[in-house]
Each structure stands twice: as structure tokens, then as C-alpha cells.
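The structure appears right after this line, and notes come after that.
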Amino acid sequence: MSVKIELTNYGIKRIRQGNPLIQVEDLKQKIKEIPLEWVTFVDHNHKYVATGYLGKQNKGFGWVLDQAQRPIDQHFFEEKFQLALEKRQAFFNDETTTAFRLFNGEGDGIGGVTVDYYADYLVISWYNETIYHFKQMIVASLLAVFTEAKGVVEKIRFKSALKESHWLAGENPQEPLVVLENGVSYAVYLDEGYMTGIFLDQKEVRGRLTEGMAAGKKVLNMFSYTGAFSVAAAYGGATETTSVDLAQRSLPKTQEQFEINGLPLEQQKIIVMDTFDYFRYAARKNFHYDLIILDPPSFARNKKKTFSVAKDYGRLIEDSVEILTEEGMIIASTNAANLSVKKFKQAIETALENKQVNYQLVESYRLPADFPASDFEESNYLKVLFYKVLKA
């Protein structure tokens with residue numbers, strides 16, 4: 001018998017409108033201790049509303065899993081995984097791509113857990129302690145449906161004394177594991193902390209670069225991480241790429257990505273430096289780029305400086321304009337769930353207007369098909385806007 005928790009009328013309304021995210025203010029009573037079990041949400045008459053659970057994570061305070069009073073058991077999870085698998089058959093049939101999201105949390109019906117596919121290996125991420133409590137049943141359900149899995153890694157993405165990443169089942173691949181995306185090879189390491197070496201939600205943007213958007217252009221990739229955008233641009237015919245990231249590991253990681261694709265390193269510059277410092281350096285040296293890619297973390301701290309997308313993105317745009325060619329392009333990207341598309345667009349366009357340039361929004365991208373979002377704005381967190389900028 002599950003715990004019963006009463007919801008406010010507003011909370012009930014949100015659920016019935018299709019929003020599965022539970023917020024603290026949706027609960028009638030204050031929760032002193034989060035129950036590590038399934039919860040029956042009820043109205044003020046104690047009538048059934050939904051089944052789900054409570055769990056602290058970056059967004060919200062819990063998730064609705066079902067509104068039909070079905071038992072939340074292994075069969076329930078197998079059904080969800082099977083449906084997700086069927087929806088992604090086109091990805092399995094695409095020989096040019098062997099890495100994608102297999103299960104996208106609330107977008108596939110179970111908030112708090114995601115599963116990524118890397119050439120027959122699975123990476124499962126847990127976003128709160130409650131869903132992790134049901135790990136055994138969930139992993140058994142996943143492996144019952146996805147029988148081809150060679151191995152499973154898990155990532156603990158909630159506050160815990162547990163190791164953030166470790167092998168859970170099956171064999172360890174020889175690393176780097178090389179996966180394909182849009183025909184380009186990427187080296188990934190499935191058990192190196194939270195990140196694997198590639199952000200799978202950007203596949204469509206990288207696809208635009210590989211299919212010719214960067215052809216004949218000098219490309220600057222800021223906050224480059226392992227240089228995936230740079231590799232896609234070089235593969236798609238860029239004459240030169242410059243990758244800038246503050247992390248020391250970005251240098252060998254980016255070199256490796258070029259090397260596994262047989263792309264000449266002499267046409268690629270890889271620089272370990274603070275982004276804003278590089279903007280100043282490039283302006284002093286009179287460097288100019290045809291295409292600048294901006295994909296910063298939502299929040300970052302460097303010594304005494306902090307960066308947040310909501311506060312500082314305009315500065316990135318203004319600094320980019322200074323070193324852009326007369327008819328250049330900026331690809332502006334953010335994964336900040338708390339920033340709406342409207343506000344993101346506003347921040348970019350205000351900065352462009354401050355620089356007194358003409359501009360045109362030519363393309364935009366949200367999450368790709370393997371990252372289905374649920375029916376609330378923060379779920380579709382990715383926002384990528386392509387701006388053509390005319391300085392003359």
C-alpha cells in the first residue's frame with residue numbers, strides 16, 4: 001500500500017493538463033522526510049488523481065508516472081522501455097549514427113531517469129534518490145527489453161556519497177569506444193565521471209556542420225569541451241577550426257577526436273584559455289572568423305569569476321561580433337532549462353542591436369526526436385539559434 005499525499009487544486013490542474021512535474025507548492029502538506037516508495041496523489045476528498053513519487057532534484061520535487069491506477073511494477077517499466085525502443089527504430093536503422101538517447105526521462109513517461117545508447121552499451125543516469133531506490137527493478141526491466149546490451153554504466157546525478165559513475169552490468173568496452181554520428185567518428189569514455197565526451201542532444205546542429213554549413217569557413221568553437229562541433233565543422237569542409245576551452249583535458253581530448261577521423265591537426269587550433277580572455281586576445285591579434293559557435297554551460301565558476309547564461313550571454317554575443325567577418329554567422333546555444341526561448345532570443349538580439357549590426361535569425365533547433373520533451377517548458381531545455389550577422 002503506497003503513501004497517500006494530498007495535492008492542491010492548482011497541482012491537480014497542472015497534472016490534468018499533462019505536466020508530470022510535481023513542485024513543492026503542489027503539495028497540501030509539508031514533507032519532512034521524502035518516502036522512498038511510490039506515492040498515490042489524491043484530492044481534498046481523498047479521491048485518486050495520479051501515481052508517482054517524490055524526489056529532490058534540480059527541477060521540481062517529484063514526478064507523476066501514471067493516472068490510470070496501474071501498479072508501478074516491472075511490467076510497467078518494461079512497457080515504457082519497449083515503447084521508447086519502438087519509437088527509436090529509425091535511429092537503430094541508421095548506419096551513420098550509433099549513439100543516441102534511448103530513453104528520455106519524463107518525455108518517455110518516467111521522470112528522473114535517462115538511458116543513452118552508445119554502440120550496444122547503455123549509460124543510465126539517476127537524477128534523484130527515490131528513483132534510484134528502485135534501481136534493481138528498473139535495470140532488470142531495461143535489460144529484459146533491450147537484450148542486445150553488452151554493458152551498462154550508471155551515473156549518480158543527485159547528491160550522494162556514492163561514486164558518480166561506475167559499471168553496473170556486462171563487459172567494459174575497450175576505450176575509447178568509437179561511435180558514429182552523421183557519419184563522423186567520436187571517441188567516448190563511458191565511465192569517466194558524468195560526461196562521456198559528446199553531448200548527444202546536439203546531433204542535429206553538428207549534422208548541419210557536417211553537411212556543409214561550415215564549408216570553406218574559418219570556425220571558432222567556444223566552450224569546446226572535446227571539440228565535437230569543431231570536428232563536425234572540419235569534416236564538413238571548414239578550412240580551419242579553433243577550439244577554446246578552459247579545461248586542460250580539452251587539448252588531448254580534442255586532438256583525439258580529429259585523429260580518429262583522419263583530419264589534419266595542422267588546420268586545427270586547440271587553445272586552453274578562458275573564453276572572455278580569448279575574445280580579447282583574438283581582437284588584439286585582429287583574428288576574424290566566419291562562423292562562431294557559442295555553447296556555454298548554464299553556470300560556471302572560474303577562480304573569482306562566474307558565468308551564467310541568464311546574466312552573461314549578451315557579453316558573449318557582443319564579443320563575438322568584434323571578431324566576426326563582415327557577413328558572418330553565430331550559432332548561439334544554451335541548455336539552461338530556466339531560460340525561455342523568448343528571453344534567450346531577446347538577450348541575443350539586444351546584444352546585436354547594441355553592436356549596431358544587421359542580423360537575421362535563419363535557423364533554430366530544439367531537442368531532437370530521440371529526446372522527446374514532456375508538456376512543460378523546462379522539459380524542452382535545448383535552444384539553438386543561428387544568426388546571420390551583417391557588419392557592413
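The values are calculated or read from the model by the stated rules, or taken from the named source; none is laboratory data. Keep in mind that this is a model prediction, so the values were computed, not measured. Cβ placement follows ideal geometry from the backbone for every residue including glycine, while neighbour counts extend to all protein chains displayed. Areas reflect the complete protein model, heavy atoms only, side chains present, ligands, DNA and RNA absent. Shrake-Rupley method; radii C 1.70, N 1.55, O 1.52, S 1.80 Å.
Identify all residues within the stretch 36-58 that are more than 31 Å from the chain's Cα centre (by Cα) and not in a strand (DSSP E or B); write none if there are none.
Across the stretch 36-58, the qualifying residues are 43, 44, 45, 46, 47.
Across the stretch 131-148, which residue is farthest from residue 82 (Cα to Cα) among those that are open to solvent by 30 Å² or more (accessible area, probe 1.4 Å), of a type outside the set (D, E, K, R) and not in a helix (DSSP H, G or I)?
Ranking the candidates gives 134 first.
Tell me, which strands (runs of 3 or more DSSP E) wholly within the stretch 177-244 include 3 or more residues that are of a type outside the set (Phe, Trp, Tyr) and surrounded by 24 or more Cβ atoms within 10 Å (Cβ to Cβ)?
Where strands (runs of 3 or more DSSP E) fall fully within the stretch 177-244 and carry at least 3 residues being of a type outside the set (Phe, Trp, Tyr) and surrounded by 24 or more Cβ atoms within 10 Å (Cβ to Cβ), they are 218-222.
Please find, within the stretch 110-130, the residue that is farthest from residue 368 (Cα to Cα) out of those that are open to solvent by 20 Å² or more (accessible area, probe 1.4 Å) and in contact (Cβ under 8 Å) with a residue 40 or more places away in the chain.
If we take residues in the stretch 110-130 being open to solvent by 20 Å² or more (accessible area, probe 1.4 Å) and in contact (Cβ under 8 Å) with a residue 40 or more places away in the chain, then 129 is farthest from residue 368 (Cα to Cα).
Conditions tested, residue by residue: (1) touching a residue at least 60 places away in the same chain (Cβ under 8 Å); (2) in a helix (DSSP H, G or I); (3) open to solvent by 10 Å² or more (accessible area, probe 1.4 Å).
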| residue | (1), (2), (3) |
| --- | --- |
| 291 | yes, no, no |
| 311 | no, yes, yes |
| 316 | yes, yes, no |
| 331 | yes, no, no |
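Test residue 43 against the stated conditions and say whether it is out of contact with any His (no Cβ under 7 Å at 6 or more places or on another chain), over 24 Å from residue 132 (Cα atoms), acidic (Asp, Glu) and open to solvent by less than 30 Å² (accessible area, probe 1.4 Å).
Criteria met by residue 43.
Just wondering, is there one or more residues in the stretch 370-392 that are open to solvent by 40 Å² or more (accessible area, probe 1.4 Å), among the β-branched types (Val, Ile, Thr), out of contact with any Cys (no Cβ under 6 Å at 6 or more places or on another chain) and not in a loop (DSSP other than H, G, I, E, B)?
no
Could you please give the count of residues in the stretch 147-169 that are in contact with a Gly (Cβ under 9 Å, 6 or more places away or on another chain) and either free of Cβ contacts under 8 Å to residues at least 24 places away in the same chain or closer than 21 Å to residue 95 by Cβ (or both)?
Result for the stretch 147-169: 2.
Limited to the stretch 1-35, what total is found for residues that are more than 27 Å from the chain's Cα centre (by Cα), assigned to a loop (DSSP other than H, G, I, E, B) and under 19 Å from residue 110 (Cβ atoms)?
Counting residues in the stretch 1-35 that are more than 27 Å from the chain's Cα centre (by Cα), assigned to a loop (DSSP other than H, G, I, E, B) and under 19 Å from residue 110 (Cβ atoms) gives 3.
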